[in-house]
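In what follows, a single structure is set out as structure tokens and then discussed.
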Amino acid sequence: MNARKIAVIGASGLVGSTLVERMLATGSHDVLPLIHSSGNAWRLARLGLELWPLNLLDYDQVKTKLVGCTHVVNCSRGTDEVMIKGLANMLKASRAAGVTGFIHLSSVAVYGDPPSPESVSEDAACPRHDKESYEGLKARQDEMVIQAARRGLPSAILCPPNISGPCSYFLLNVLQALGSRQFALLEDGSAPCVLVDVQNLCHAIELALDDASTEVQRLFVTDDENTTWRQVVDGLLPLLDSGFMVESTSQLVLSEARASVNSSSFSIVRSLKHLVSSTVREALRKDPLWAKVDRELRKSVTYLGSAMEEKLRLAIEGNLPVPRPPKGRTINANLCAQQLRGVRHSCAKAKKHLGYQPVVSFADSMEAFRRWYQATHHMNSAYWDLLKRLYQAQEG
Amino acid sequence: MVDRFRIALVGAGMISRQSHLPAALASDRVQLVAIVDPVVTRAKSLASDYGINPILTQDVRSVLDKIDGALIATPNDSHKDLALTCLESGVSVLIEKPLALSSSEGSAIAETARRRGRVAAVGYVTRFRESTVLLKRLLDQGYFGAVKRYVHQFGTVGGWAPLSAYNLSRRASGGGVLVVTGTHFLDRMLYFWGYPDNVALEDDSAGGLEANCVAVFRYDRQPGPIEGCAIYSKTTALPGGMVIETVQGAVMLADTESADIRFLPHGSAGVEHVIRPSELRRFPTGVSPWLLQIEDFVDSCRNGTKPMVDAEEGNQSLRLIEALYAHRRSQPSDWYPALGQRKGAKR
């Protein structure tokens, strides 16, 4: 029986699974892996553990599960409600259970995208976010943890950047974008790409278990290397066809791509035009009441005369489109625009406060990703020549 | 007018909600008499969501005298007892795959069905794809030439989350991804080529259920052996489908309901043949394979014909799964050799 019982909430994700595996390997703590659903918990199911589904929105359930836990690590993600109400339940239940360390996984995203140049350090001010955005939700979560700490729940907030290593969603995204020609390097690729290997992050979480405090502060956890996007891409090239050439692009193109992704402004005129467009009206006409309304509307427009009717139609539908050949593949704007961030978050504070030192280098992390990827995709198997056809068909 | 075939749906979980119940309700040859589930609220919610009013009961025995057949869609470890209860009472069963937890359980079901003169069908729904039937016919005809090798893979990051979470318990499910995902292809593989002469399995189980596995097969045939490989994952997305290498080219079939068979002949770079059934189409287009499956079961019970997959065939799949697990070894999973060395050095 260990002195510590650590609940890992969101245990089926990349960080949660890795953390549980590490803790079980050392056997130094009792671990309670709490999962959202059985569908995503296969990595943990391999270990023969008893897994506990937990609905974070049900306070009584959370409270019951945390009884006897000395520490809680929150790796969960979910809907907006889960992120806010679920966290409130976790914090309240942790206080009720007398938890002595609540480790919350935040993100460097709370410093904005692009982050301010000052956010090399955690002391930089966080910008105002749209409350419903991921950044906004993560910032609100940090505030909730800070408040809970002030009320006596010793806590720690760790802010990782993109996470690398085996199973890394980030690296899989870059690889997939490269393979489908939707990735382009910004100029020579020398822009900083701040990463943390999942083992380094778990190592920091383990250190934070001993360092939770009521005067909580955010800590960046990174690989502490001057990694560039070119190095990341070069690290992935062995997984692509030999002779694969990476395209490059300019700051202007990426800025425009990002702006187009972010332009979510709505227009009443555009919405009204959409509402009276022929496709929407056709769908509405399937209902007898709307069909009648539509008939009456058309009748009243006819009274205005054919010239006016034509003018109205053009205003709503616009001119007929001219079919043009596709201009090649478009880039993945969200991913590629990350190259414009330009800030290297420093983990100096984590080193100072936690005694954190990365245990895996960037080179080892990429090597681990490649090993994992090649093994899980059977690239070195005797059947790769046949399997490759399935990948080509998927890309085709 | 022929009376409708009276069915009890046993198990009110995810597969019943998404597939079996809508198929039963869509058929004008089936009358859904009861929903059976030990958790009554689950059965109640399923019935109310579909706006129906069948008998709701926790025990199938209470409705055996009111039904002609039972559709068993419960955790795998309950299949045998439920099937035997029904069959012994003269009620035919359609059992969601796999037939049971083990081949000895499967044999008990097959033997009871035979002795009682009732149907025990197994729900391998992918057999109701037109492409499966067509491919079998073309392979038997040697349409593509002699088969040399084949590979099948299917991988998702998680996915299917049954309400009872039985999928994460070996005791309840009988195995990991090989059983949950792989059994569909194993059934088709047995349909195409019969039982293999040699098998082996590599998986990533570390005391629990395997989330990833690679099964290899060998058939000692004339004019030459056929070698095959099946890859399944619950942690990695893999493009699903099959590729068969023959002396004449490569046959490809994506793992979707409506996929066409594609043939890429050797030496004809850039050309592929898309192969579809013509006048010999066996199944009507656009009809849910779940509906075809339940109506095939009804036909089998009414006419005494063999169902698409009977208990004997379902049991072959279980024998194959057992043979694979008996020949398993661990997959390598040390992605950080340098980290291991450093840890070792510290010790």
Next on the checklist: So if I take the centroid of the Cα atoms in the range A:118-168 and the same for the range A:19-48, what is the distance between those two points in Å?
Outcome noted: 24
Checklist entry - To the nearest 10 degrees, how steep is helix A:169-179 against the longest Cα principal axis of chain A, on a 0 to 90 scale? => result 50
Checklist outcome for this item: Each label sits 7 Å from Cα toward the beta-carbon; between residue B:14 and residue A:215 the label points are separated, in nm, by 4.8
Next on the checklist: For the pairs B:80/B:136; A:63/A:85; B:80/B:234; A:388/B:148; A:63/A:131, flag any whose C-alpha to C-alpha distance is greater than 22 Å.
Outcome noted: B:80/B:136; B:80/B:234; A:63/A:131
Item to check | Computed over chain B, Kirkwood Rh from alpha-carbon pairs, angstrom | outcome: 21.6
Item to check | DSSP beta bridge pairing in chain B, given as percent antiparallel to the nearest 5 | outcome: 55
Checklist entry - Can you pull the mean other chain C-beta count within 10 Å for peptide B:222-231? => result 2
Item to check | Antiparallel bridges, percent of DSSP beta bridges restricted to the protein assembly as shown (to nearest 5) | outcome: 40
Checklist entry - Residues of A:378-391, mean number of Cβ from any other protein chain within 10 Å of their own Cβ, rounded to a whole number? => result 6
Checklist outcome for this item: Expected sort for B:133, B:91 with the fewest Cβ neighbours (10 Å cutoff) up front is B:133, B:91
Checklist entry - If you average the sequence gap of Cα pairs under 8 Å that are 6 or more apart and divide by the length of the range A:1-152, what percent do you get for the contact order? => result 20
Checklist entry - Cα centroids of the range A:281-353 and the range B:70-136: how far apart, whole angstrom? => result 51
Next on the checklist: Let me check against my output: what whole-number percent is the relative contact order of chain A, with C-alpha pairs under 8 Å and at least 6 apart?
Outcome noted: 17
Checklist entry - By how many nm would the segment from residue A:57 to residue A:125 grow when fully extended, if each residue of separation counts as 0.36 nm and the alpha-carbon distance is taken off? => result 21.4 nm
Next on the checklist: Report for the range B:80-230 the percent antiparallel among DSSP-assigned beta bridges with both residues inside it, nearest 5.
Outcome noted: 60
Checklist outcome for this item: Here FRET efficiency (C-beta to C-beta, residue A:296 to residue B:271, R₀ 45 Å, nearest 0.05) is 0.20
Next on the checklist: Based on the alpha-carbon set only, what is the convex hull volume of the range A:1-129 divided per residue, in Å³?
Outcome noted: 136
Checklist entry - In peptide B:278-284, how many Cβ atoms from other protein chains are near each Cβ within 10 Å, on average? => result 0
Checklist outcome for this item: If A:222, A:64, B:246 are placed from fewest to most neighbouring beta carbons inside 10 Å, the sequence is A:64, B:246, A:222
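What order do you get for A:299, A:85 when you list them from fewest to most C-beta neighbours inside 10 Å?
Working: A:299 9, A:85 15.
Exposure proxy ranking, most exposed first: A:299, A:85.
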Checklist entry - With each pseudo-label sitting 7 Å past Cα toward Cβ, what's the residue A:380-residue A:28 distance in nm, one decimal? => result 3.1
Checklist entry - Suppose R0 equals 30 Å; then what is the FRET efficiency for residue B:28 and residue B:257 from their Cβ-Cβ distance, rounded to the nearest 0.05? => result 0.85
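All of the numbers you see were taken from the coordinates with simple rules; none came from a lab. Bear in mind that the values here come from a model prediction, so they are computed numbers and not experimental data. All Cβ positions, glycine included, derive from the backbone under ideal geometry; neighbour counts span all protein chains shown.
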